[in-house]
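Q: Let me begin by handing over the structure; questions about it come next.
The values are calculated or read from the model by the stated rules, or taken from the named source; none is laboratory data. Owing to the predicted nature of the structure, the values given are computational and were not obtained by experimental measurement. Cβ atoms come from the backbone with ideal geometry, glycine included; neighbour counts cover every protein chain shown. Just so you know, the surface numbers come from the protein's heavy atoms only, side chains and all, with ligands and any DNA or RNA stripped out. Shrake-Rupley method; radii C 1.70, N 1.55, O 1.52, S 1.80 Å.
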Amino acid sequence: MSNLQVSIYRYNPETDSAPYMQEFQVDTKGRDVMVLDVLHMMKEQDSGLAFRRSCREGVCGSDGMNMNGKNGLACITPLSEVVKGNKLTLRPLPGLPVIRDMVVDMGLFYKQYERIQPYLQNDTPVPAIERLQSPEERDKLDGLYECILCACCSTSCPSFWWNPDKFVGPAGLLQSYRFLADSRDTATSERLTDLEDPFSVFRCRGIMNCVAVCPKGLNPTRAIGKIREMLLADAT
Amino acid sequence: MVTNITSFGRSGLSDWLMQRFSAVVLAIYTVFMVAYLLLNPNLDYYAWTALFDQTWMRIFSLLAFISVAAHAWIGLWTVTTDYLKSTFVRVGAQSLIILAIFVYLVWGIQILWGA
Ligand code: SF4
Ligand code: SF4
Ligand code: FES
C-alpha cells in the first residue's frame, strides 16, 4: 500500500511572503481513517502545522475545512469519502482571511450571527414556570437548532464570498429562522424589518451549495425560503 | 438592515417580487410572440403593423418593455454590487446601465406609437 499523498495549504504571515502548498506523504497503514487523523500524522512530521480541532466527533464545529474541493468537518470525514487517486488536497475554508495555515479569521461570520440576535426575545411577563410550547410548536425547531456554526455552508456560498459584510449567509439565516419560527419569541416583526433590504436575505440566489456541504444535514435554503414567505406575508 | 439607495425599489422584498412578476410577463410575451410567428408563416408587413395597431397589443408590448427595463435593472444592479468593488467603477457602470435602459425604453415607446 503506497503512502497517501497530501497537499496542504501553508501560510505563516510572519515568515512567508505568500501562501504555498506543501506536500506530505502519510502512511495510513491502509486504514480508512478520518481526515483529522491524517492531519495529526502530518503534525508529527511538522509540528509547525496549524489547524483547529477540539471534540474530534463532529460536535464542536471547529475543524471545518476544504477537502479535495468540498467543505466539511475533518473529524467525521473518512478518507474513503474524499480521497481520489490516492491524493488529498486540504485548504482552509474559502473566502475568509487566513490567520495561519488552516486557521481562518471567523470574525465576519460571527458578526453576521450576532446581527440576527440569536437569543429568545419575549416582552410578556415572565411566568412562574417555564414558557410552554406544544409538541407541534417544538417540532418547528427541528432541523434548525442543531447547527454547530462550523461555517462550512457560508464559506461555500458565492453570495457570502462577495458580500460577507452585508449578506447574512446561510448559517446566520438558518439561526434567524430558528428564532422567527419559535412560538415563544415575540420580536418577529422587528426581526423581519431588519432583513427586508436587498442584501441580508435577498442576496441568496438559491444555488444550494450550503445544503450540499452541511455536515449536520441541515437545509439553510429551505429556511431562507420560509423567511421570504414571512417577509411577503408581513408586507403585502 | 443594510441600507442601499441604488437598488430598484430600495427594498429587497419589493425587488424580489418585481423580478418574479416581470419574469412572468416576459415569459407570457415570449410564448405569445413565438406562437404568433409559428401560426403565421407567411407574415407580411401589413399583418405585422395591423397587429401592432391594436390597443391591447400596444399595452401588452409596453408592459413587456417596462418588464424588461425593471428586470434588467434589478439583475444588473445585483451583478454590479457582487463584482464591482470600487465605488467609482460601480457607480459608473450603474449610471451607464440605467442610461441605456432609459434610452431603449423611450425608443421602444416611440416605435410602438410611431410609424
Ligand atoms: S448550517 Fe450546517 S454547515 Fe452551516 S454552520 Fe450550521 S452546521 Fe455548519
Ligand atoms: S442557497 Fe443561498 S445561502 Fe445557500 S449557498 Fe446558495 S446563495 Fe448561499
Ligand atoms: S473537531 Fe469538533 S467538529 Fe470536528
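Q: Which of the peptides A:51-58, A:176-183, A:196-203 is most tightly packed, and how do the rest follow, judged by the mean count of other Cβ atoms within 10 Å per residue?
A: A:196-203, A:176-183, A:51-58
Q: Please report, to one decimal in angstroms, the Kirkwood hydrodynamic radius of the range A:107-235 built from all distinct Cα-Cα pairs. Don't jump to the answer; show the numbers that get you there.
A: On the way: mean 1/r = 0.0666 Å⁻¹.
It is 15.0 Å.
Q: Let me ask you something else. Using θ = phi - 60° and the Karplus relation 6.51 cos²θ - 1.76 cosθ + 1.60, list the HN-Hα couplings for the range B:45-56 in order, rounded to whole Hz, with x at every Gly or Pro.
A: 4, 5, 5, 5, 5, 4, 4, 7, 7, 7, 4, 4
Q: Among B:T87, B:T78, B:T30, which one moves the most in a GNM of chain B with springs linking Cα atoms closer than 10 Å?
A: B:T87
Q: Same structure again: Give me the distance between the Cα centres of the range A:184-236 and the range B:1-42, rounded to whole Å.
A: 23
Q: Here's something else I'd like to know. Which value at 222 nm does chain A reach when only helices count, each DSSP H run of 4 or more adding -39,500 (n - 2.57), with the total divided by all residues and rounded to the nearest 500 deg cm²/dmol?
A: One gets -8500 deg cm²/dmol as the mean residue ellipticity at 222 nm.
Q: Going by a ≥ b ≥ c, the root eigenvalues of the Cα gyration tensor, does the range A:161-236 fall in the rounded group (a/c under 1.5), the prolate group (a/b larger than b/c) or the oblate group?
A: Oblate, because a/c is 1.5 or more while a/b does not exceed b/c.
Q: Next up: In chain B, once you exclude exposed trypsin sites (Lys or Arg not before Pro) (DSSP loop, at most 15 other Cβ within 10 angstrom), what's the longest stretch remaining?
A: Within chain B, the longest run free of exposed trypsin sites (Lys or Arg not before Pro) spans B:11-84.
Q: Within chain A, which whole H helices from DSSP have a Cα span along their axis of at least 15 Å and a mean Kyte-Doolittle hydropathy of -0.5 or more, if any? List each step's numbers first, then the result.
A: On the way: long enough: A:35-45 (16 Å, 0.20); A:169-180 (16 Å, 0.29); A:220-235 (22 Å, 0.08).
Length and hydropathy pass: A:35-45, A:169-180, A:220-235.
Q: Any idea what the dipole of the range A:107-235 comes to, in debye rounded to 20, about its Cα centre with Lys/Arg Cβ at +1 and Asp/Glu Cβ at -1?
A: 460
Q: Which cross-chain or sequence-distant (5 or more) residues have an amide H under 5 Å from the amide H of A:T89, H modelled 1.01 Å from N in plane?
A: A:S7, A:N68
Q: For the range B:66-100 and the range A:91-167, write down the distance between their C-alpha centroids in whole Å.
A: Result: 31 Å between the Cα centres.
Q: Just tell me how shielded B:2-9 is by partners: mean number of partner chain Cβ atoms within 10 Å of each residue's Cβ, no decimals.
A: That average works out to 4.
Q: Here is a further query. How high is the relative contact order of chain A? Use alpha-carbon pairs under 8 Å, at least six apart in sequence, and give a whole percent.
A: Relative contact order comes out at 18 percent.
Q: Can you tell me the accessible area per residue over the range A:77-160, all protein chains present, probe 1.4 angstrom, in square angstrom?
A: 55
Q: Let me ask something additional. What quantity of accessible surface, computed with a 1.4 Å probe and excluding non-protein components, is buried in total between chains A and B, in Å² to the nearest 100?
A: Looking at A and B, the buried total is near 1600 Å².
Q: Moving to a separate point now. Considering only DSSP states other than H, G, I, E and B, which GluC sites (Glu not before Pro) in the range A:78-139 qualify as loop sites with at most 12 other Cβ atoms within 10 Å?
A: Qualifying residues, ordered by number: A:E130.
Q: For chain B, what's the radius of gyration and Dmax over Cα atoms, in angstrom?
A: In Å, with Rg to one decimal and Dmax whole: 17.3, 56.
Q: Determine the dipole magnitude for the protein assembly as shown: charges of +1 sit on the beta-carbon of Lys and Arg, -1 on that of Asp and Glu, nothing else is charged, the reference point is the Cα centre, and the result goes in debye to the nearest 20. Present the calculation step by step, with values, prior to reporting the outcome.
A: Values: 32 positive and 34 negative charges, 90 e Å.
Using only the charged Cβ atoms, the result is roughly 440 debye.
Q: Carbon and sulfur together cover what percent of the accessible area of the protein assembly as shown at a 1.4 Å probe radius?
A: The nonpolar share, carbon plus sulfur, comes to 60 percent.
Q: Between the range A:1-28 and the range A:50-87, what's the alpha-carbon centroid distance in Å?
A: Distance between centres, Cα-based: 15 Å.
Q: Among all the aspartates and glutamates, which ones have a C-alpha under 12 Å from A:K111's C-alpha, if same-chain residues fewer than 8 places away are not counted?
A: A:D165
Q: Here's another thing I want to ask about it. About its Cα centre, what dipole magnitude does the range B:12-114 give when the only charges are +1 on Lys and Arg Cβ and -1 on Asp and Glu Cβ, stated in debye to the nearest 20?
A: So the magnitude is around 260 debye.
Q: Here's something else I'd like to know. Taking the dipole about the Cα centre of chain A, with the C-beta of Lys and Arg at +1 and of Asp and Glu at -1, give me whichever of A:A187, A:Y110, A:P220 is farthest to the positive side.
A: A:P220
Q: So for the protein assembly as shown, taking the charge dipole from beta-carbon charges (+1 Lys/Arg, -1 Asp/Glu), which of B:F21, A:L39, B:P41 sits furthest toward the positive end?
A: B:P41
Q: Take chain A, connect every pair of alpha-carbon atoms lying under 10 Å apart with a spring to form a Gaussian network, then pick out the residue of A:Q117, A:Q25, A:Q133 with the largest mean-square fluctuation.
A: Largest GNM mean-square fluctuation: A:Q133.
Q: Using the Karplus equation 6.51 cos²θ - 1.76 cosθ + 1.60 (θ = phi - 60°), what ³J(HN,Hα) coupling, rounded to whole Hz, does each residue of the range B:18-34 give in order, writing x for Gly and Pro?
A: 4, 4, 5, 4, 5, 5, 5, 4, 5, 5, 5, 4, 5, 4, 4, 4, 4
Q: Report the net charge of residues surrounding A:V104, where surrounding means a beta-carbon distance below 13 angstrom and charges are Lys +1, Arg +1, Asp -1, Glu -1.
A: Once positives and negatives cancel, what remains is 0.
Q: Once you have all Cα-Cα distances for the range A:4-104, histogram them in 5 Å bins from zero and send the whole-percent values.
A: P(r) for the range A:4-104, in whole percents per bin: 3, 13, 26, 27, 20, 8, 3, 0.
Q: Given H placed on each backbone N at 1.01 Å, which residues far from B:G9 in sequence or on other chains put an amide H within less than 5 Å of it?
A: When sequence neighbours closer than 5 places are left aside, the close amide H contacts are B:D15.
Q: Viscosity 1.567 mPa s, temperature 4 °C: what is the translational diffusion coefficient of the protein assembly as shown from Stokes-Einstein with a Kirkwood Rh over Cα pairs, rounded to a whole number of µm²/s? Kindly include the intermediate steps, with their values, before the conclusion.
A: Working: Rh = 24.1 Å.
Stokes-Einstein gives a translational diffusion coefficient of 54 µm²/s.
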